[in-house]
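One structure is given here, and the rest of the page talks about it.
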There are 2 protein chains.
Amino acid sequence: MKTSPIVRKKEVRKLLTELGAKIYDDINLGVFPEISMPSRSVKNIVYDKDLKQYVVGQNVVKRSSKNIKHIRPFTQTIWLAFFVEKLLREGKTSTLRDVYYSAQAFNIDFKDQAESDEIITDLEALLRKAREDYNVYPEERSAIYGDLTIEYTVPGHEGKRLNLVSHPDGYLIGPSLSTAELVKTSANVVFAVEKGGLFTRFVENKVHERYKALIVDTAGQPPRSTRYFLRRLNQELGLPIYVLTDADPYGMHIYMVIASGSANAAHLTELTVPTAKWIGVTATDIETYKLPYVKLKDEDIKRAYELKNDPRYKDATFQKELDMFIKKQKKAELEAFSKYSLDYIVDKYLPDKLKGIKEN
Amino acid sequence: MKTSPIVRKKEVRKLLTELGAKIYDDINLGVFPEISMPSRSVKNIVYDKDLKQYVVGQNVVKRSSKNIKHIRPFTQTIWLAFFVEKLLREGKTSTLRDVYYSAQAFNIDFKDQAESDEIITDLEALLRKAREDYNVYPEERSAIYGDLTIEYTVPGHEGKRLNLVSHPDGYLIGPSLSTAELVKTSANVVFAVEKGGLFTRFVENKVHERYKALIVDTAGQPPRSTRYFLRRLNQELGLPIYVLTDADPYGMHIYMVIASGSANAAHLTELTVPTAKWIGVTATDIETYKLPYVKLKDEDIKRAYELKNDPRYKDATFQKELDMFIKKQKKAELEAFSKYSLDYIVDKYLPDKLKGIKEN
């Protein structure tokens with residue numbers, strides 16, 4: 001299960017070196033170099049019921065330097081492989097935008113950032129590794145809090161240990177934390193919450209101590225590096241992941257992307273937590289707890305109908321909740337529990353939901 | 001200059017208690033209680049050239065329980081004062097949204113969050129204290145990195161010290177860090193940068209060591225708690241604040257709000273750093289460094305003309321740069337320096353700008 005971040009980086013560098021070696025070999029043999037990768041076209045993306053996520057099928061896309069139409073993306077991809085290998089070697093990270101501008105230093109032409117983003121995703125498909133594995137990180141960051149000891153692997157901090165309980169505002173899940181070894185924890189569970197306000201409430205009300213939990217603020221739909229970190233907490237430390245969102249179809253979908261991934265990332269299989277559980281706030285909870293609500297907008301209802309037809313939502317529980325949203329036309333926010341008191345969500349709602357999980 | 005966060009909280013609680021006592025006294029004397037606060041209407045907001053910021057004038061707004069039209073906001077304000085005093089007493093924080101929902105627990109009616117936000121700002125004007133002083137925090141958070149030792153004052157962590165150099169992804173500037181004592185630093189300067197990507201570049205290229213700096217990621221226009229934290233770094237530790245943004249009128253304005261505040265917060269005088277300096281990226285820099293640029297949109301140019309008439313921009317340097325934006329019609333991003341190399345902005349641009357400051 002566990003792959004050390006250092007081992008992981010080495011694997012990626014090995015894949016990149018092999019890619020480079022293959023190009024050289026082809027040239028030495030007098031053959032036009034070519035690369036091939038799984039097709040990411042809609043036709044080649046299928047839902048895998050066992051894995052509970054979208055995956056790419058058998059179709060393969062080839063890019064040959066023999067084909068004049070292929071030369072542009074072929075060159076861009078090989079340059080990118082060179083560039084990220086250098087990042088890994090120097091222990092530096094980059095962003096999608098930085099990669100776009102960096103290309104200009106090498107006279108590699110991208111007409112806009114969309115084109116370089118596309119090539120970055122191609123390299124993901126080619127290597128079957130997420131771009132974070134080759135040090136291209138998002139700008140947005142989530143945060144985590146609780147009793148977790150980590151050990152950095154980034155240059156300048158290698159081997160240093162830190163217990164995340166030392167900063168109650170939460171630790172950013174950036175490049176350093178993403179690549180740290182997870183040394184030990186006393187936690188038995190991870191609560192991933194959608195909002196910073198609730199995250200702070202959980203910290204202040206000592207959810208980490210009372211429920212022996214790590215608390216993650218996903219800050220809305222979590223960046224992929226956070227989804228990957230949740231997966232690590234689940235797989236390496238064996239912690240169950242419980243997701244708590246606003247009561248609306250978009251909130252449910254934050255959970256679903258954590259559990260089952262997205263079609264956009266079908267070429268990656270290491271971003272999901274298939275056993276993650278949505279503990280609310282459900283459409284039913286709005287009624288049970290008599291929460292203040294606002295009326296669903298037309299677009300919310302349209303979204304609920306879309307999700308009903310999405311294979312990831314085929315379970316009866318999800319169908320029931322989607323039907324409830326459509327029928328009652330209500331949505332509610334996590335903060336709505338403050339109607340009773342600021343402590344209510346921690347003191348009453350959370351235990352109710354955990355009891356519900358145990359009984360099922 | 002320095003006010004300890006603990007002393008500060010005590011002051012606010014004292015102000016709240018005095019407000020409550022005055023209401024009781026009025027009632028005991030058989031007088032209808034009333035409150036008064038500086039008017040926040042446009043007519044009462046003036047630019048103070050010496051303070052280099054907007055301030056409220058002499059006009060006062062009264063709310064009397066004798067006046068039927070005043071009873072609603074009067075009651076809401078008094079409830080809010082009660083609610084935040086409880087927050088302070090219990091060492092808990094809240095958000096604007098939480099306050100809105102919390103009112104329902106007390107049968108205090110707000111027709112929407114806009115109405116409760118308005119009352120929260122009224123209480124700011126009444127007490128002349130920012131809402132963060134009475135524990136109402138924003139959701140968005142910036143981050144900081146560098147050699148700074150802090151000592152927490154929040155419950156459960158009081159007296160614990162932490163050096164912020166221990167987490168290279170950056171520390172979130174949330175309630176705990178905002179209220180921590182600033183114990184000591186080896187830094188001589190603070191660089192506030194607009195973007196997470198550049199923040200990480202600065203950390204990886206050891207700007208904190210090479211320039212003896214603290215690095216702050218403002219994440220766009222910084223939340224007020226971050227502006228207040230920058231002010232504390234400036235006033236309590238005597239550190240100059242240098243702001244680095246994208247080269248466009250919106251980037252300049254990120255700097256200007258840090259330096260001179262906004263008309264919206266004219267009733268508060270402790271959110272600005274009048275000595276903060278904008279070190280770029282300027283319109284002139286786009287030419288000097290031959291940066292990749294995109295054409296300014298009509299709305300960018302409109303914004304530049306607006307800023308030219310804004311009293312905060314009357315200095316010749318700002319006028320010159322605004323004219324340059326209007327003339328050249330170019331804007332560029334911080335990442336544009338990657339055209340030369342990922343290190344260029346740290347190794348070449350930053351020293352150039354610091355040299356420029358010393359020579360002026």
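Annotations for the structure displayed:
- Backbone phi angles across the range B:335-344, fed through the Karplus curve with coefficients 6.51, -1.76 and 1.60 (θ = phi - 60°), yield HN-Hα couplings of 5, 4, 5, 4, 3, 8, 4, 4, 7, 3 Hz in residue order; Gly and Pro are listed as x.
- Karplus-based coupling profile of the range A:281-297, in residue order and whole Hz: 7, 8, 4, 5, 4, 4, 6, 4, 9, 6, 7, x, 9, 10, 6, 4, 7, with θ = phi - 60° in 6.51 cos²θ - 1.76 cosθ + 1.60 and x standing for Gly or Pro.
- Listed from fewest to most Cβ neighbours within 10 Å, the set A:K43, B:K348 follows the order A:K43, B:K348.
- Ranked B:V55, A:V56, A:V294, criterion: other C-beta atoms within 10 Å, fewest first: A:V294, B:V55, A:V56
- The H on the amide N of B:G280, modeled in the peptide plane, is under 5 Å from the matching H of B:T245, each at least 5 residues off or on a different chain.
- Placing a label point 7 Å from the Cα of A:K314 along the Cα-to-Cβ direction, the distances to the matching points in the other copies come to 7.1 nm, shortest first.
- What the Cα convex hull of the range A:74-212 gives, in volume per residue, is 130 Å³.
- Segment B:D323-B:K308, length gained on full extension (0.36 nm per residue, minus Cα span): 4.6 nm
- The mean count of C-beta atoms from other chains within 10 Å of the C-beta of residues in A:187-198, rounded to a whole number, is 2.
- Computed from the Cβ-Cβ distance with R0 of 41 Å, the FRET efficiency linking B:D147 to A:D343 stands at 0.65.
- Ranked B:R72, B:R303, criterion: other C-beta atoms within 10 Å, fewest first: B:R72, B:R303
- Peptide A:139-147 shows a mean partner chain C-beta count of 3 within 10 Å per residue C-beta.
- At R0 = 41 Å, FRET efficiency that the Cβ-Cβ distance of A:E209 and B:T275 yields, to 0.05: 0.45
- In this structure the amide hydrogen of B:Y54, modeled in the peptide plane, comes within under 5 Å of the amide hydrogens of B:D48, none closer than 5 places in sequence on its chain.
- Globularity index of chain A is 1.08 (Cα radius of gyration / 2.2 N^0.38 Å, N = number of residues).
- Cα gyration tensor shape of the range B:180-359, rounded if a/c is under 1.5, else prolate or oblate by comparing a/b with b/c: oblate
- Innermost chain A residue relative to the axis carrying A onto B, by Cβ distance in angstrom: A:L172, 3
- The three principal axes of the Cα atoms in the range B:5-137 give end-to-end lengths of 44, 34, 31 Å, sorted in falling order.
- Enclosing the Cα atoms of the range B:290-360 in their convex hull gives a volume equal to 103 cubic angstrom per residue.
- Label points for A:R8 are taken 7 Å from Cα along Cα→Cβ. From this copy to the others they lie 3.8 nm apart, shortest first.
- Proximal aspartates and glutamates to B:K212, defined as alpha-carbon separation beneath 13 angstrom and excluding residues fewer than eight positions away on the same chain: B:D147
- Label-point spacing for B:S64 across the identical copies (point 7 Å from Cα in the Cβ direction), in nm and ascending order: 9.1.
- Comparing Cα centroids, the range B:264-301 and the range A:70-117 end up 28 angstrom apart.
- About the centre of its Cα atoms, the range A:188-359 shows a dipole size close to 180 debye [charges on the beta carbon of Lys, Arg (+1) and Asp, Glu (-1) only; nearest 20 debye].
- Bridge type composition, the protein assembly as shown - antiparallel percent by DSSP, nearest 5: 65 percent
- Taking 7 Å steps out from each Cα toward its Cβ at B:K14 and A:R128 produces label points 6.8 nm apart.
- Counting only other chain Cβ atoms within 10 Å of each residue's Cβ, the peptide A:158-170 averages 5.
- For the range B:268-276, 3J(HN,Hα) computed residue by residue from phi via the Karplus equation (6.51, -1.76, 1.60; θ = phi - 60°) reads 10, 10, 10, 10, 10, 10, x, 8, 4 Hz, glycine and proline entered as x.
- Considering only Cα atoms, the convex hull volume of the protein assembly as shown works out to 179 Å³ per residue.
- With the highest mean first, a sort of the peptides A:19-32, B:306-319 on other beta-carbon atoms found within 10 angstrom per residue produces B:306-319, A:19-32.
- Prolate/oblate/rounded label for the range B:209-264 (Cα gyration tensor, a/c 1.5): oblate
- In the range A:93-191, the chymotrypsin sites (Phe, Trp or Tyr not before Pro) that fall in loop regions by DSSP, at most 12 other Cβ within 10 Å: A:F106
- Mean ellipticity per residue at 222 nm, deg cm²/dmol - from DSSP H runs of n ≥ 4 across chain B, formula -39500 (n - 2.57): -13000 deg cm²/dmol
- Note on A:D48 and A:E236: their simple-model spin labels are 2.2 nm apart, each label 7 Å out from Cα toward Cβ.
- A Förster radius of 22 Å combined with the Cβ-Cβ distance from A:F82 to A:S41 puts the calculated FRET efficiency at roughly 0.25.
- Under-5 Å amide H pairs with B:V183, H placed in peptide plane, nonlocal only: B:T149, B:I150, B:E151
Just so you know, all these numbers are worked out from the coordinates, no wet-lab data involved. Everything quoted here is computed from the prediction, not taken from an experiment. Reconstructed Cβ throughout: ideal geometry from the backbone, glycine too, with neighbour counts over all protein chains shown.
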